[in-house]
Amino acid sequence: MPRTSKRRRPTKHRGNAAGAIEARGRTGRKPTASEKSGSGGRGGAGRPRGTSTPRPKRYERAPTWKAAGLKAAVAAIVVYAISTLLLKKSVSSNLLLLPIVVGIYAPLIYYTDMYMYRRYQRKQAAR
């Protein structure tokens, strides 16, 4: 004889293609104000696992020459690929082009990032 109680069936855990098991999350009632505030005893339930502080926004960190150099190196590789593949230039002339591109792009990227960082800081101070 079938069960007549109103007990709900437990929700399934769903596995993904990599084999990890993910719980479905809340599907019932809305959380109360105390549950939303995080003081419900779960210890920072809104943060991603493994991090103790939230990630800073893009312009909250001051720009560095290292980051500008990496961006310039990527730009130089893109310029090299375009020049070699699309424009059919010789490889030796393209190799001479790489340090020139990095030398021009690195300061340009750094000072652009510095401008955006200072602009963001001024907007934050005005609030």
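The values are calculated or read from the model by the stated rules, or taken from the named source; none is laboratory data. Quantities reported herein were computed from a predicted structural model and do not represent experimental measurements. Ideal geometry is used to build each Cβ from the backbone, glycine not excepted, and the neighbour counts take in all protein chains shown.
Out of curiosity, is Ala20 over 25 Å from Arg118 (Cβ atoms), at pLDDT 75 or above and not polar (S, T, N, Q)? So Ala20 fits the description; yes. Number of residues in the range 46-69 that are part of a helix (DSSP H, G or I), charged (D, E, K, R) and either touching a Lys or Arg at 6+ places or on another chain (Cβ under 7 Å) or modelled with pLDDT of 85 or more (or both): the value is 1.
Mind checking which residues of the range 59-69 are in contact (Cβ under 8 Å) with a residue 60 or more places away in the chain and either in contact with a Phe, Trp or Tyr (Cβ under 6 Å, 6 or more places away or on another chain) or surrounded by 12 or more Cβ atoms within 10 Å (Cβ to Cβ) (or both)? Full working, then the answer.
Going through the range 59-69, the residues in contact (Cβ under 8 Å) with a residue 60 or more places away in the chain turn out to be 59-60.
The one that is in contact (Cβ under 8 Å) with a residue 60 or more places away in the chain and either in contact with a Phe, Trp or Tyr (Cβ under 6 Å, 6 or more places away or on another chain) or surrounded by 12 or more Cβ atoms within 10 Å (Cβ to Cβ) (or both): Tyr59.
Looking across the range 84-105, the residues that are farther than 18 Å from Lys71 by Cα and of a type outside the set (A, V, I, L, M) come down to Thr84, Lys88, Lys89, Ser90, Ser92, Ser93, Asn94.
Per-residue answers, yes or no, for (1) over 19 Å from Pro56 (Cα atoms); (2) hydroxyl-bearing (Ser, Thr, Tyr):
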{"position": "Ser83", "(1), (2)": "yes, yes"}
{"position": "Ile100", "(1), (2)": "yes, no"}
{"position": "Tyr105", "(1), (2)": "yes, yes"}
{"position": "Tyr115", "(1), (2)": "no, yes"}
{"position": "Lys123", "(1), (2)": "no, no"}
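Residues considered: Ala72, Ala76. Of these, the only one that is surrounded by 11 or more Cβ atoms within 10 Å (Cβ to Cβ), touching a helix residue (DSSP H, G or I) at 6+ places or on another chain (Cβ under 6 Å), at pLDDT 95 or above and assigned to a helix (DSSP H, G or I) is Ala72.
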